[in-house]
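What follows is a single structure, written as structure tokens, with notes after it.
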Amino acid sequence: MNFDENRDFPFYNEIPRMSKIGWMILLISVPVALFSFQHADFFTNELVASIFFLLIMLIPLFYFSDWDYSLFFKKPTKDEVILAVVMFIAFFIYSLIMTNLLDASGLASIGSGDVDIVPIISLVFSMMAEELMKFIPLMFLLRVFFKYTSNRRLSIIVSSAITLVFFALIHLEPGVSLLSVLLIQGLGSLFHLYVYLKTKNLFASYLSHLMTDAFVLIMAMFGILAA
């Protein structure tokens, strides 16, 4: 598969430059967005909550990037779509194996809940919001580590590891083990993150993430898989 080698991550090498106030507001937007989504009862329905969840991070990101959406989003190429599908399949296989291993060891697997059509529709917005919840801290950490090491590869590896741990921890809830979220929501998200790291296109990683959650919810609706 061929990808545009001329693309690069934004901000880490100050191309373009992100101001300190911009970073501060972007980083604050992540917990604010998460809080708003966790308290979705503030809104009329979950669809509205998921849209608000996304906009809390997306609007400041665009604003402090001078509305240059091309820094983050490109029309996915055929190879990028193929990669997204491959990583979706890889994640699904990985999560099935890990879930069975965790269940066999007596550890709690990923939580359960009722499934209806509203969460499926809201995935269109909430999955992009979750991609931003990884993207914003990833770019900030990449900027910090690259600034002090000038080692791009090392900065990507360390920043990705920290971001995946953070993403796992925000999924921790009562009845779910820490090891479970670290292995499935954390390490498992490496498949989706890899799509972004390879393509530098949030639309590509978003497609992979969206396919994963939509597939799980659809299977759960038909009783094939527990949600």
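The values are calculated or read from the model by the stated rules, or taken from the named source; none is laboratory data. Since this is a predicted model, take the numbers as computed values, not measurements. Note that we place each Cβ from the backbone using ideal geometry, even for glycine, and neighbour counts take in every protein chain shown. Areas reflect the complete protein model, heavy atoms only, side chains present, ligands, DNA and RNA absent. Shrake-Rupley method; radii C 1.70, N 1.55, O 1.52, S 1.80 Å.
Okay, here's what the table says:
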| item | result |
| --- | --- |
| Some residue of the stretch 181-203 being under 26 Å from Ser70 (Cβ atoms), in contact with a Phe, Trp or Tyr (Cβ under 6 Å, 6 or more places away or on another chain), in a helix (DSSP H, G or I) and among the polar types (S, T, N, Q) | yes |
| Matching residues in the stretch 153-178 - criterion: being modelled with pLDDT under 90 and either touching a helix residue (DSSP H, G or I) at 6+ places or on another chain (Cβ under 9 Å) or surrounded by 16 or more Cβ atoms within 10 Å (Cβ to Cβ) (or both) | His171, Leu172, Glu173, Val176, Ser177, Leu178 |
| Residues within the stretch 157-180 that are part of a helix (DSSP H, G or I) and among the acidic types (Asp, Glu), tallied | 0 |
| Residues within the stretch 186-199 that are open to solvent by less than 10 Å² (accessible area, probe 1.4 Å), of a type outside the set (A, V, I, L, M) and over 13 Å from Ala161 (Cβ atoms), tallied | 4 |
| Pick from the stretch 1-35, criterion assigned to a helix (DSSP H, G or I) and open to solvent by 80 Å² or more (accessible area, probe 1.4 Å), ranking: modelled with the lowest pLDDT | Phe35 |
| Leu202 being over 19 Å from Ile120 (Cα atoms), open to solvent by 40 Å² or more (accessible area, probe 1.4 Å), in contact (Cβ under 8 Å) with a residue 12 or more places away in the chain and out of contact with any Cys (no Cβ under 9 Å at 6 or more places or on another chain) | no |
| Selection status of Ala90, of a type outside the set (Ser, Thr, Tyr), surrounded by 13 or more Cβ atoms within 10 Å (Cβ to Cβ) and modelled with pLDDT of 95 or more | yes |
